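The values are calculated or read from the model by the stated rules, or taken from the named source; none is laboratory data. Since the structure is predicted, the reported quantities are computational estimates derived from the model, not experimental observations. Cβ atoms come from the backbone with ideal geometry, glycine included; neighbour counts cover every protein chain shown.
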Amino acid sequence: MATNRLIPGILRAVKLDSSFYEEVESDSSYDSDALIVVVVASLLGAFGALLRLAFSGQFLGAILAFIVAAVITLVGFFIWVWVATFVGTKLFGGTGQFGNVKRALGFAYAPQFLNILSFIPCLGGIIGLIAWALSIVAAVIALRQSLNQDTTKAVLTALVSAIVVFIITAIISGIFAAIGIGGAAMMGAFNQ
């Protein structure tokens, strides 16, 4: 990881600079940088959720939301890379490999840094929507560059893989919720 290139790289990623995504996908020295972007994005988003719940007096829920949000984001990222690589190469004729897609999609998470602001009443949802939309556009550019596709195929790869990942992460989230409810029941939280 070259710290002198991480912040400029994040800024270029947020500016949707396709030449940057091309550079990242072909340079394995960006592996740790891309992972740092994903980890920081997941922690900032989780911290925004923690603040939102903590301000409403739900302290235990806030801590659990922080943990679950961070884990789901990280797990979702790796699932998305795998699914996008598979869908992009097998269904839409892309030629990239897992590492190329991982680096490019990792930087596509940079707009999600805005999710730390999700605790702000009324604006939090709008900020989250803006962060999501920017990340989707960045992901299309990242997939186009890393899978050597045209824009239409990159959009289709992003849509198909995002739907698959949404379903998988919803199932994982449901498991976390079931574990949480089961744990609360075992601790006697529902006995009054």
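Is it true that residue 45 is under 20 Å from residue 166 (Cα atoms) and part of a helix (DSSP H, G or I)? Here the answer is yes, as residue 45 does meet what is asked. The set of residues from segment 35-85 being over 19 Å from residue 6 (Cβ atoms), free of Cβ contacts under 8 Å to residues at least 40 places away in the same chain and among the aromatic types (Phe, Trp, Tyr) comprises 59, 66, 78, 82. Checked against the criterion of being within 14 Å of the chain's Cα centre (by Cα), among the aliphatic types (A, V, I, L, M) and part of a helix (DSSP H, G or I), segment 120-129 has at least one qualifying residue. For segment 53-101, which positions are surrounded by fewer than 18 Cβ atoms within 10 Å (Cβ to Cβ) and of a type outside the set (A, V, I, L, M, F, W, C)? 56, 57, 58, 61, 90, 93, 95, 97, 99, listed by residue number. For segment 93-114, the candidate set comprises residues that are touching a Lys or Arg at 6+ places or on another chain (Cβ under 9 Å) and not hydrophobic (A, V, I, L, M, F, W, C); within that set, the residue that is farthest from residue 46 (Cα to Cα) is 93.
Residue by residue, here is whether (1) over 24 Å from residue 125 (Cβ atoms); (2) touching a Gly at 6+ places or on another chain (Cβ under 8 Å); (3) at pLDDT 95 or above; (4) not in a helix (DSSP H, G or I) holds:
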{"position": "4", "(1), (2), (3), (4)": "yes, no, no, no"}
{"position": "9", "(1), (2), (3), (4)": "yes, no, no, no"}
{"position": "41", "(1), (2), (3), (4)": "no, no, no, no"}
{"position": "61", "(1), (2), (3), (4)": "no, no, no, no"}
{"position": "80", "(1), (2), (3), (4)": "no, no, no, no"}
{"position": "83", "(1), (2), (3), (4)": "yes, no, yes, no"}
{"position": "88", "(1), (2), (3), (4)": "yes, yes, yes, no"}
{"position": "102", "(1), (2), (3), (4)": "yes, no, yes, no"}
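Listed conditions (1) touching a residue at least 12 places away in the same chain (Cβ under 8 Å); (2) closer than 17 Å to residue 90 by Cβ are all met by residue 140, apart from (2).
For segment 140-161, the condition holds for no residue, the condition being that it is surrounded by fewer than 20 Cβ atoms within 10 Å (Cβ to Cβ) and under 13 Å from the mean Cα position of the chain (by Cα).
Criterion first (aliphatic (A, V, I, L, M) and crowded, with 19+ Cβ neighbours inside 10 Å) does residue 40 satisfy it? Taking the combined requirement at face value, the residue does not satisfy it.
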